[in-house]
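See structure below.
The values are calculated or read from the model by the stated rules, or taken from the named source; none is laboratory data. What you see is a predicted model; the values in this text were computed from it and never measured. Cβ: placed from backbone, ideal geometry, glycine included. Neighbour counts: every protein chain shown. With ligands, DNA and RNA removed, areas are computed over all heavy atoms of the protein, side chains included. Shrake-Rupley method; radii C 1.70, N 1.55, O 1.52, S 1.80 Å.
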Amino acid sequence: MRKLLGAVATIVLGLISLAPVALAESPLDVAEELADDGVFVARARTDIDEESLASAIQQARFDGLRIVAVAPIDPQPSGSAFARRIQEVVDADAALVFLEEEPLETFVVDELSGGHIRAQQRARAVNDPGRAVLTFAQELTAEREPSRPALIRQLMLLALLLAAVVGAAMVFENLVGDAKAFFWRRVAARRSTSAASRDNKHISNDPERPDSDDLMADSGHGRSDH
């Protein structure tokens, strides 16, 4: 009898120890539940308003962020690892895992990793899961798309850069024009000087042209003869 009771107790303890494993959700099974509205809430999770969570997910998706939310009973091996596995299975931009007694865990794609830590911290500060989803999505969207003041500053810097480039091009063009004009003036001056030198040389070497002294002498003789 004692042996029988001992065997029954061993079986009961074994079943109790295996209960969490049996409750552990498979990412593949959860992915099937996420196909409809992007939300999975375990039946034992009475602390989650599934409709509010689904509405928040739909709003985030309307804003261009593919996001899913999961409220499991026993995510294995951990909440953060489970979030990563869910994101990989459903190929979403981000996956949120709402744990019962632990902070919210999230995982995002590499393109959104810049704002991941800040978005997770902001979402953890919100008690309502639906609002937490919206807060998380807004932070990721703000990181991915520059704010209006930042966009205006970027446009102003681009305009200033373009104006500087145009101004530099105009100055360079003027300098090139002045250099060309100076060069051609020098060439023209040299040509005129060379031409005048050739003309003077031709006149001085002309045998039929009397010298100035001979002209003056002839002029003098002309006056004395008269």
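Do we find that Ala181 is modelled with pLDDT of 55 or more, under 30 Å from Gly115 (Cα atoms), small (Gly, Ala, Ser) and part of a helix (DSSP H, G or I) in this structure? I'd like the intermediate steps shown before the answer.
Values: modelled with pLDDT of 55 or more: yes; under 30 Å from Gly115 (Cα atoms): no; small (Gly, Ala, Ser): yes; part of a helix (DSSP H, G or I): yes.
Criteria not met by Ala181.
Filter the stretch 50-75 down to the residues that are assigned to a strand (DSSP E or B) and closer than 18 Å to Ala119 by Cβ and list them by number. Step through it out loud before you land on a result.
Filtering the stretch 50-75 down to residues assigned to a strand (DSSP E or B) leaves 67-71.
Those that are assigned to a strand (DSSP E or B) and closer than 18 Å to Ala119 by Cβ: Ile67, Val68, Ala69, Val70.
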>> If I ask for residues that are out of contact with any helix residue (DSSP H, G or I) (no Cβ under 7 Å at 6 or more places or on another chain) and open to solvent by less than 40 Å² (accessible area, probe 1.4 Å), which ones from the stretch 95-115 would you list?
In response: Val109
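Quick one: in the stretch 116-134, of everything that is among the basic types (Lys, Arg) and open to solvent by 90 Å² or more (accessible area, probe 1.4 Å), which residue is farthest from Arg45 (Cα to Cα)?
As a first pass, look at the stretch 116-134 and keep what is among the basic types (Lys, Arg): 118, 122, 124, 131.
Next, only the ones that are open to solvent by 90 Å² or more (accessible area, probe 1.4 Å) stay: 122, 124, 131.
Working: Arg122: 23, Arg124: 18, Arg131: 18 Å.
Result: Arg122.
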>> Quick test for you: out of Ala92, Ala137, pick the one residue that is of a type outside the set (Lys, Arg), open to solvent by less than 90 Å² (accessible area, probe 1.4 Å), in a loop (DSSP other than H, G, I, E, B) and at pLDDT 90 or above.
In response: Ala92
